[in-house]
Every structure is written in C-alpha cells, then in structure tokens.
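> To start, I am sharing the structure in question, which I have written as structure tokens.
The values are calculated or read from the model by the stated rules, or taken from the named source; none is laboratory data. Since this is a predicted model, take the numbers as computed values, not measurements. Glycine also receives a Cβ, built like all others from the backbone with ideal geometry; neighbour counts cover every protein chain displayed. Please note that ligands, DNA and RNA were not included when accessible areas were found on the heavy atoms of the full protein model with its side chains. Shrake-Rupley method; radii C 1.70, N 1.55, O 1.52, S 1.80 Å.
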Amino acid sequence: MDDEFAKLIRRVNQPRVVIDNNACEDATVIQIDSVNKHGILLEVVQVLTDMNFTITKAYISSDGGWFMDVFNVVDNDGNKIRDKEVIDYIQSRIEISAGFMSSRRGTVGVMPSEEHTSIELAGTDRPGLLSEVCAVLADLRCNVVNAEIWTHNTRAAAVVHVTDDSTSCAIIDPKRLSTIKELLCNVLKGSDDLKTAKTMLSAPGVMHRDRRLHQIMFADRDYERVERAGVRAVEEGSSRPQVTLLNIEKDYTVITMRSKDRPKLLFDIVCTLTDMQYVVFHGMVNTRRIESYQEFYIRHVDGLPISSEAERVRVIQCLEAAIERRVSEGLELELCTEDRVGLLSDITRIFRENSLCIRRALISTKGGKAYDTFYVTDVTGNPVDTKIIDSIRAQIGHTALQVKHNSSLAPKQPHQETTMGHFFGNLFKARTFQNFKLIRSYS
C-alpha cells in the first residue's frame, strides 16, 4: 500500500523544471522541483554531465519528501545554454529522470544496446597493460568502438564496447564470449597480482559507463592506498583533495570537500555517495577559478549519520578516490584518424615500445573515424621527454596525433587551510545564499 501511495503521489506531482537565462549573469540557471526519491540527485546530475555541461554552482535541498535543486551551468566554452532545442531536451530528460514517467532506463544509468558487447575489466595496473588487452581483442577480431580506461592507486579499470568485425554488431556467440573472457583474464593476471583480476561481459544491455567505472574501482578497493617504490605519487601536498567530516545538529554528517575543479567532479562525488548508500539532504557547490568547494549534509539510507571512526575514515578515503580517479594526469595526446580493426592495438603498442604509461584513456569512433584521447607519463609517473613524443608522432603521423595539454606544467593551486566552512550554518532558519537567485512561481 505504501508503494502504491508513493506512485500516486509521483503521478499527481510531476516534476517541474525551470530553465532561466536571466537569473544569473554568467550561467544558465536550472531549477528542479519534484517529489523526492532515493537516487534522484544522481539522475539529475547525470543528465547534465552526459550533455557535457559544467556545473559552476549548485544548491541542493531534499528534506521533507520534496526535492528542490538549483544548478548554474555553462557549456564547454563557458557560455550560457541558449539553443532552444537543447533547452527543450534538457527539460524533457530531467522530467523523465526525476519523475514517475517510464523510460528506457530501468535504473540509473542503464542503457540497453543491441549494437555492441560491453567488456568490463579490473586488475593491477602495469606498463603496457592496455596494449596487451588491445592485442588480444584485435587477434579475436573484436573492433573497439568506444572505451574508457581509468587507473588509480595501482589499480586499473576499463569499460570497453566492442563489435564483431564481420557483422559490426554485438557478439552473442557464447563460446566466443567465453574465449574472450578467458584470454583477457589471463592478461589481467600479473605474476605479482595480489588481487583477483576480473573480466565481465554483457550483451545486449550495459550500464552507464562512468558509473560502472566507479563501481568497478570501488569493488576493487582502490581507495586503500598502496605505495609503490620508485613511482612518483600522483597527488602530492596541496594538490590532494581535502575531505573533512563532522557530525552536527539534527543528526546530519557534514562533508566538506575542497579540490581542484574539473569536468564531472560533482557527478563523481554524488555517484560514490549514492553507491555507498548515503543520501544528500542539503548541499552546495561553488567553483572559483580552478578550485571547487562542496559541502553536503548527509545520512545513511537507514536515517543515521556516520557513527564510527572506521566508517568516517572509509568515507573520506572513498571520496578522495572518487575525486582522483578522473584526474587528467600527464601529457594529453589526441588521435584522430581513419578507424580500422587493430588500430588501437597498434597505437598502444607504439606507446609501450617507447616506455609510455597510459594513465587514462577515452576511445570513441564516429563515421569511420577514430577519436581517441590518452593521458600519458613515463613508467615512473614523471613527464614524458619531448624527443620521445616527437618520435612517436613521426611513427603515427604528426597530423593524426596531436599534443593537447601537459598537466605536469599546470600551475599548482594555492594551499588553503582545511576548515569547516558551514555554508549551511543557518540552513534551517533561512534558505538564502549569496550569488544565488531562486525563481519560484506558484500555480
């Protein structure tokens, strides 16, 4: 009866989405009012993230059974969202995600597909690992149509979408799928692997790729720090994210996070909290230049705040990992060339032969073209010698492989003391924030 009543409430109170380009001088303001449900914040943030919008500010409130959020967003160029078709699409997507209306997504991030087979990989990171995986796929006549690879804290995870070279469709033959899984698992099992390598295949349905990568890394416990002799730490000193937890009035745990800003940061944090079964009741996000400040009032789904030191440490570690996994470490190389079976195997082999380590990679294909981005360092985690890059570009083609950005030369963010800002100190007395303009109309 309770479930049916909840459904009735959602039908009667469909979500309302207001998109305003006049409320803020430098961003489009998106306001969502909806009946609250577990996971709704992640669904909304995922919609905005999937459209490659940057969330510059956010105000989150979901106490008392009602979800009221405001997001300031800009496009990739830092401009407001003005295209009428894009605005209508945003409104439609958010209303479907936040409301009761059915969609193709049975749960957050599920996207059925008949076009490819999804391969999920997890194992110990090592130089040349991606090259070995790509060589196996090429030998098995699997064409990589898109993929994303993350490495963090000695662990590696990947979600790879492949098609059958002969049909350009998903691979459905059970024997062939079994062979692919067995061979890839053998590649992932290094002689010094202290954890079990994992390979999963799914066809035709696949999860949202970014969320699956977080879940794979979390399940592999990449948040537990492992020191490797001779390898430079990626995050040092002030560049490490600062995460603090404090229990306050009304039985909330306040999480404060300060880190270098980057695309999809809010999604990564909310995704991790949701998968750890925590609910954000109130929160704010504010980005200034290269720094992001986020403050959330949370409880576990059982209604309790964080109650033990072990849980507090684990949450801090997991949030630090969520922030760090997608950090673009090293030299950014962008490949644009004609796609073919075995292309990725050839490219990664050249990287391996020149002692390059791939820290993160995004692989995509469109219209017969391959559009790949690699973030690379040398085997010790240090910047790559420019002569080596010149040699690699000569082999692949100077036009095909471009150097886009070197994060090693990026300016360090200024060190700031880790203090509890308490932006929500008077949250329960007044809901006003400087630089926010909430537009509310009542019918």
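> Of the peptides 142-152, 328-338, how do they stack up when ordered by the mean number of other Cβ atoms within 10 Å, highest first? List each step's numbers first, then the result.
Values: 142-152: 22.5, 328-338: 18.2.
My ranking of the peptides, most packed first, is 142-152, 328-338.
> Could you size up the charge dipole of region 242-325 around its Cα centre, putting +1 on the beta carbon of Lys and Arg and -1 on that of Asp and Glu, and report it in debye to the nearest 20?
Computed charge dipole of region 242-325: roughly 360 debye.
> Further, regarding this structure: Name the long-range amide H neighbours of Asp339: under 5 Å, sequence gap of 5 or more, or other chain; modelled H, no Pro or chain starts.
Residues meeting the amide H criterion: Lys369, Ala370.
> Would you mind working out the magnitude of the charge dipole of region 25-65 relative to its Cα centre, with +1 at each Lys and Arg C-beta and -1 at each Asp and Glu C-beta, to the nearest 20 Debye?
Once rounded to the nearest 20, the dipole reads 120 debye.
> Using the Karplus curve 6.51 cos²θ - 1.76 cosθ + 1.60 with θ = phi - 60°, what ³J(HN,Hα) values do you get for each residue of region 307-318, in whole Hz, with x for Gly and Pro?
With coefficients 6.51, -1.76 and 1.60, one gets 10, 10, 5, 5, 5, 4, 5, 5, 5, 4, 4, 5 Hz.
> Applying the Karplus parametrisation 6.51 cos²θ - 1.76 cosθ + 1.60 with θ = phi - 60° to the phi angles of region 146-159, what ³J(HN,Hα) value in whole Hz is obtained for each residue in order, glycine and proline being reported as x?
Per-residue couplings from phi come out as 6, 6, 9, 10, 10, 10, 7, 6, 6, 10, 10, 9, 8, 10 Hz.
> Hey, rough spin-label estimate for Lys175 and His398, points 7 angstrom out along Cα→Cβ, what's it come to in nanometres?
5.1
> I need the calculated FRET efficiency for the pair Arg288 and Asp139, taking r as the beta carbon distance and R₀ as 60 Å, to the nearest 0.05.
Values: r = 50 Å, r/R0 = 0.83.
The formula returns an efficiency of 0.75 here.
> According to a simple spin-label model (label point 7 Å from Cα along Cα-to-Cβ), what is the distance in nm between Met51 and Cys336?
2.5
> Counting heavy atoms of the protein chains only and a 1.4 Å probe, report the per residue accessible area for region 242-325 as a whole number of Å².
Value returned for region 242-325: 37 Å² of accessible area per residue.
> Using a 7 Å offset from the Cα along the Cα-to-Cβ direction at both His300 and Asn186, what is the distance between the two label points in nm, to one decimal?
4.4
> Given Lys80/Lys387; Lys264/Lys404; Lys366/Lys404; Lys37/Lys57; Lys84/Lys366, which pairs have Cα atoms separated by over 31 Å?
Flagged as over cut-off: Lys80/Lys387.
> Rounded to the nearest 0.05, what FRET efficiency do Met200 and Trp66 give with R0 = 51 Å and r taken as the Cβ-Cβ distance? Could you check?
0.85
> Go ahead and run the numbers for FRET between Ser391 and Ala310, Cβ-Cβ distance against an R0 of 45 Å, rounding to 0.05.
Once rounded, the FRET efficiency stands at 0.35.
> At a 10 angstrom cut-off on C-beta neighbours, averaged per residue, how do the peptides 159-172, 117-130 rank from highest to lowest?
In descending order of packing, they fall as 117-130, 159-172.
> What does the charge add up to near Leu183, with Lys and Arg as +1, Asp and Glu as -1, over the other residues with Cβ less than 12 Å from its Cβ?
Details: positive: Arg176, Lys181, Lys189; negative: Glu132, Asp139, Glu182.
With Lys, Arg at +1 and Asp, Glu at -1, the net is 0.
> Which of the peptides 44-50, 258-264, 176-182 is most tightly packed, and how do the rest follow, judged by the mean count of other Cβ atoms within 10 Å per residue?
Numbers: 44-50: 21.9, 258-264: 18.4, 176-182: 14.4.
Output ranking for 44-50, 258-264, 176-182: 44-50, 258-264, 176-182.
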